[in-house]
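Participant: One structure coming up, written as structure tokens, with questions to follow.
Bear in mind that the values in this text are calculations on the coordinates, not laboratory data. For clarity, every value in this text was computed on a predicted model and none was experimentally measured. Note that we place each Cβ from the backbone using ideal geometry, even for glycine, and neighbour counts take in every protein chain shown.
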Amino acid sequence: MTTPKPRILLLYTGGTIGMVKNFDTGALKVFNFKKLLQRIPELRQLDCDIETISFAHPMDSSDMNPTGWEKMARIVAEHYPDFDGFVILHGSDTMSYSASALSFMLHGLQKPVVFTGSQLPIGDLRTDAKENLITAIQIASLREDNAPVVREVCLYFEYKLYRGNRTTKISAEHFNAFTSPNYPPLAESGVHLRVNREQLLPRTTDSFSLHTGFNGDVAIVKMFPGITAQVLRAITTIPGLKGIVLETYGSGNAPSGDWFIGILQKAIESGVHVVNVTQCSGGRVNMGQYETSTLLKEIGVISGADITTEAAITKMMYLLGQPDVPAHRFKQLFEAPMYGELTQ
């Protein structure tokens, strides 16, 4: 009996990868994905069946928001029973935020959801779009013992597959636009496609379900030498503010002055959740290693461990948006990994 080919759903949300250039005017326009095989005939060599769907109004990734995240997640959930894998084409600027957000919404995921995009349009001579797209689809098609090899939300770019909620964009110019500073690649593409199986999320026994809901009453505050009490107080007292991701120095350090600690303590006592993440490109927060971070720990600042800012803010928005997450459990839930986004 012949094993049926994997069915892959390709979802275009917007972004450079879906653009083609009018060579007369130089203007970019959205590519018709129904003609995908005509544009990239190499896809016929993949051992899978591909169907495409596109946002009715593709979004520049700079305009991406929780409504867009939920729209993507609902499309995956709606087609989940009928497809073996999903590839989401997305603008690179906010791709790490979207990949993080979907990782929290798609509970019990047992199929691959692979984000990808490109730095150059699909019609450019030197485009990186073809390789990214072809390999992303190939990864979404990988099966072993008639089951998917990858069962999580990922991001593929320039020969590497990363856990989506571990990524950050590091370059607006180079093809290797993303990195995963605190977690190894899940797979690497070269002459052979090598999957680092020990890095994959283990198979879950939970049933698949979609959990939506984000609260946008949050802020990111990046520490810098010379930040004033007036600025910090203005942010922490925003009416309706529910959470702050605090980007601190090194392993979680911040000013130790009474004014700084006092403002944060007052915010926390008023119900604002404050999460400490490092503004370094890699590494983790270790509150208590130095005196300045010990003070933050004592007033109730939450440790973000080695989470990225992108995953921290989306996880915060997600937890705040869940009606079954009481305020007294927020710290416990944030500091525990949900889908591999941090290391305890």
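Participant: Output the peptides 134-146, 199-211 sorted from most to least packed, where packing is the average of other Cβ atoms within 10 Å over each peptide's residues. Numbers along the way, then the final one.
Facilitator: On the way: 134-146: 19.0, 199-211: 12.5.
Top to bottom by mean Cβ count within 10 Å: 134-146, 199-211.
Participant: Give the relative contact order (percent, whole number) for the stretch 230-275; include only Cα pairs under 8 Å separated by 6+ residues. Each step should come with its number before you reach the end.
Facilitator: Working: 27 pairs, mean separation 26.2, N = 46.
Reported relative contact order: 57 percent.
Participant: Kindly express, to the nearest 10 degrees and within the range 0 to 90, the angle between helix 129-141's C-alpha long axis and the longest C-alpha principal axis of the chain.
Facilitator: 90
Participant: Kindly identify the stretch 202-285 as rounded, prolate or oblate by the Cα gyration tensor criterion: order the square roots of the eigenvalues as a ≥ b ≥ c, call it rounded if a/c is under 1.5, otherwise compare a/b with b/c, prolate if a/b is larger, else oblate. Write down the numbers at each step before the final one.
Facilitator: Numbers: a/c = 2.81, a/b = 1.55, b/c = 1.81.
Oblate, because a/c is 1.5 or more while a/b does not exceed b/c.
Participant: For the pairs K71/K222; K111/K297; K71/K111; K29/K315; K71/K315, note any where the Cα-Cα span goes beyond 27 Å.
Facilitator: Numbers: K71/K222 30 Å; K111/K297 38 Å; K71/K111 18 Å; K29/K315 34 Å; K71/K315 17 Å.
Checking Cα-Cα distances, K71/K222; K111/K297; K29/K315 exceed 27 Å.
Participant: Calculate for the chain the 222 nm mean residue ellipticity that helices alone would give, adding -39,500 (n - 2.57) per DSSP H run of length 4 or more and normalising by residue count, nearest 500 deg cm²/dmol. Display every interim value, and only then the final one.
Facilitator: Working: 9 runs with 88 residues, N = 344.
Computed ellipticity for the chain at 222 nm equals -7500 deg cm²/dmol.
Participant: Calculate, for R126 and A56, the FRET efficiency according to 1/(1 + (r/R0)^6) with r their C-beta to C-beta distance and R0 30 Å; round to the nearest 0.05.
Facilitator: Working: r = 31 Å, r/R0 = 1.02.
Once the sixth-power term is evaluated, E becomes 0.45.
Participant: Does the stretch 74-183 come out rounded, prolate or oblate by the C-alpha gyration tensor, with a ≥ b ≥ c the root eigenvalues, rounded set by a/c under 1.5 and, if not, prolate when a/b is larger than b/c and oblate if not?
Facilitator: Numbers: a/c = 1.80, a/b = 1.45, b/c = 1.25.
Note, shape of the stretch 74-183 comes out prolate.
Participant: P239: net charge of surrounding residues, Cβ under 14 Å, Lys/Arg +1, Asp/Glu -1, itself excluded? It would help to have the intermediate numbers written out before the result.
Facilitator: On the way: positive: R233, K242; negative: D217.
Result for the local shell: +1.
Participant: Would you mind calculating the gained length between T67 and R329 on full extension (0.36 nm times residue separation, minus the Cα-Cα distance), in nm to one decimal? Walk me through the numbers on the way to the answer.
Facilitator: Numbers: separation 262, 0.36 × 262 = 94.32 nm, distance 2.56 nm.
Full extension from T67 to R329 adds 91.8 nm.
Participant: Tell me, what is the FRET efficiency for T343 and V30 to the nearest 0.05, using R0 = 41 angstrom and their Cβ-Cβ distance as r? Working shown, then result.
Facilitator: On the way: r = 39 Å, r/R0 = 0.96.
Efficiency for this residue pair is about 0.55.
Participant: OK, next. Pull out the extension gain between E173 and A336, defined as 0.36 nm times the separation in residues minus the alpha carbon to alpha carbon distance; nm, one decimal. Can you show the working numbers first?
Facilitator: On the way: separation 163, 0.36 × 163 = 58.68 nm, distance 3.49 nm.
Working it through step by step, the gained length comes to 55.2 nm.
Participant: For the residues L46, L125, L319, L161, what sequence is obtained by ranking on other C-beta atoms within 10 Å, fewest first? Show your work: numbers first, answer last.
Facilitator: Details: L46 17, L125 5, L319 21, L161 28.
By the 10 Å Cβ count, ascending, the order reads L125, L46, L319, L161.
Participant: Which whole-number percentage describes the relative contact order of the stretch 7-210, with Cα contacts under 8 Å and a sequence gap of 6 or more?
Facilitator: Numbers: 419 pairs, mean separation 45.2, N = 204.
Here the relative contact order equals 22 percent.
Participant: Measure out, as a whole number of angstrom, how far apart the alpha-carbon centroids of the stretch 91-122 and the stretch 272-326 sit.
Facilitator: Using only Cα atoms, the two centres lie 23 Å from each other.
Participant: Give me the percent relative contact order of the chain, please, defined on Cα pairs under 8 angstrom at least 6 residues apart.
Facilitator: Values: 696 pairs, mean separation 50.4, N = 344.
Over the chain, the number comes to 15 percent.
Participant: Name the shape class, rounded, prolate or oblate, that the alpha-carbon gyration tensor gives for the stretch 162-241, where a ≥ b ≥ c are the square roots of its eigenvalues, rounded holds for a/c under 1.5, and otherwise prolate holds if a/b is larger than b/c and oblate otherwise.
Facilitator: On the way: a/c = 3.35, a/b = 1.62, b/c = 2.07.
Here the stretch 162-241 falls in the oblate category.
Participant: May I ask for the angle, rounded to the nearest 10°, between helix 95-105 and the longest principal axis of the chain, with both axes built from Cα atoms and the value confined to 0 to 90°?
Facilitator: Approximately 80 degrees, to the nearest ten.
Participant: So for the pair Q45, D258, with labels modelled 7 Å out along Cα→Cβ, what separation do we get in nm?
Facilitator: 7.1
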